[in-house]
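These notes concern the structure reproduced below.
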Amino acid sequence: MIDFHTHILPKTDDGSRSTDESLQMLSALKEQGIDTVAATPHFYANDESVHDFIKRRQASFEALKSKVSDGMPEIIPGAEVRYYEGISRLDGLRSLCLQGTGLLLLEMPMRRWTDYSIRELIDISCSGKIIPVLAHVERYMRFQQKGIFDALLENDVLMQINASFVNGLLTKRKAVGLIERRKVLFIGSDCHNMSDRPPNIGKAYETIRKKLGDDFSDSFNEYAKKFIYRKDEQL
Ligand SMILES: [Fe+2]
């Protein structure tokens, strides 16, 4: 099972503060049944270049990798990229995709998206080189016009929800419904640490299995893995 959204790389953003904390997070994810972890530190184009970010992320990734013992989940470097109008013209945008895939995790504005933004997401997707994945999409839903998410999905803009949306007593039903209707392909813990935002994804996967059955659950996981492990050239 995949955790598609984490802040597990040490000292790259407001997530893990040390290699030790990252290792504890990784162990917790393993205990929750996760075998593949997308490491998605925040990227803000205002603050640094893509080149500098990748250099910094790589150093952190290598520092962590050197301490990870056998049998731990595989970590794949990526980014949680804050969207801004014009992002499609950012040099190196594709290198912010989850490594080895064309999946680009985008953090969208917490307000009604402009027609320009929606068009730009679709254009990025239609470029054929990048598949946008909207991070924790549950946070934006209430701001958008009806039908926007279906229009985006029809154009292969994909959706990720946080485990907390599946775990929440008041939101569980909605989350499971979105998964059942294949509107959401990826789940992330969005874990930042071992204290106030710890890995919490095992329970979400259990809920999906309990509510939608083993067959659905297996095919959901396999489908997500196909996106992660297919070769870049297939895009
Ligand atoms: Fe995040």
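The values are calculated or read from the model by the stated rules, or taken from the named source; none is laboratory data. Keep in mind the model is a prediction, meaning the values are calculated, not measured. So basically every Cβ, Gly included, is an ideal-geometry build from the backbone, and we count neighbours across all protein chains shown. Quick note on the areas: whole protein, heavy atoms, side chains included, nothing else; ligands and nucleic acids left out. Shrake-Rupley method; radii C 1.70, N 1.55, O 1.52, S 1.80 Å.
Say whether the condition of being crowded, with 18+ Cβ neighbours inside 10 Å, part of a helix (DSSP H, G or I) and out of contact with any Asp or Glu (no Cβ under 8 Å at 6 or more places or on another chain) is met by at least one residue in segment 1-16. No: zero hits. Selection of segment 76-96 for residues being open to solvent by less than 10 Å² (accessible area, probe 1.4 Å) and either within 18 Å of Cys191 (Cα to Cα) or within 16 Å of the ligand (Cβ to nearest atom) (or both) yields Pro77, Gly78, Ala79, Glu80, Val81, Leu96. Looking across segment 26-42, the residues that are within 16 Å of the ligand (Cβ to nearest atom), closer than 21 Å to Lys225 by Cβ and of a type outside the set (Val, Ile, Thr) come down to Leu29, Ala38, Ala39. Confirm whether Phe61 is crowded, with 17+ Cβ neighbours inside 10 Å, more than 22 Å from Ser189 (Cα to Cα), under 20 Å from the mean Cα position of the chain (by Cα) and among the hydrophobic types (A, V, I, L, M, F, W, C). For Phe61, the condition - crowded, with 17+ Cβ neighbours inside 10 Å, more than 22 Å from Ser189 (Cα to Cα), under 20 Å from the mean Cα position of the chain (by Cα) and among the hydrophobic types (A, V, I, L, M, F, W, C) - is not met. Under the condition of being within 16 Å of the ligand (Cβ to nearest atom) and buried (at least 18 other Cβ atoms within 10 Å of the Cβ), which residue from segment 98-124 is farthest from Gly188 (Cα to Cα)? Here the answer is Met108. Inspection of segment 33-52 identifies at least one residue that is of a type in the set (D, E, K, R), in a loop (DSSP other than H, G, I, E, B) and open to solvent by 70 Å² or more (accessible area, probe 1.4 Å). For segment 167-181, does any single residue satisfy the condition of being farther than 21 Å from Thr40 by Cβ, touching a Leu at 6+ places or on another chain (Cβ under 7 Å), in a helix (DSSP H, G or I) and open to solvent by 20 Å² or more (accessible area, probe 1.4 Å)? Within segment 167-181 (the criterion being farther than 21 Å from Thr40 by Cβ, touching a Leu at 6+ places or on another chain (Cβ under 7 Å), in a helix (DSSP H, G or I) and open to solvent by 20 Å² or more (accessible area, probe 1.4 Å)), the answer is yes, since at least one residue qualifies. Can you tell me which residue is most open to solvent (accessible area, probe 1.4 Å) among those in segment 64-75 that are in contact (Cβ under 8 Å) with a residue 12 or more places away in the chain and more than 16 Å from the ligand (Cβ to nearest atom)? Residue satisfying both the conditions and the ranking: Lys67. The residue that is most open to solvent (accessible area, probe 1.4 Å), counting only those in segment 133-147 that are within 16 Å of the ligand (Cβ to nearest atom) and out of contact with any Asp or Glu (no Cβ under 8 Å at 6 or more places or on another chain), is Arg139.
Between Asp150, Asp218, Asp196, Asp214, the distinction of being within 16 Å of the ligand (Cβ to nearest atom) and more than 18 Å from the chain's Cα centre (by Cα) belongs to Asp196 only. Scanning segment 195-215 for residues that are farther than 15 Å from Arg173 by Cβ and touching an Asp or Glu at 6+ places or on another chain (Cβ under 6 Å) returns a single hit, Ile201.
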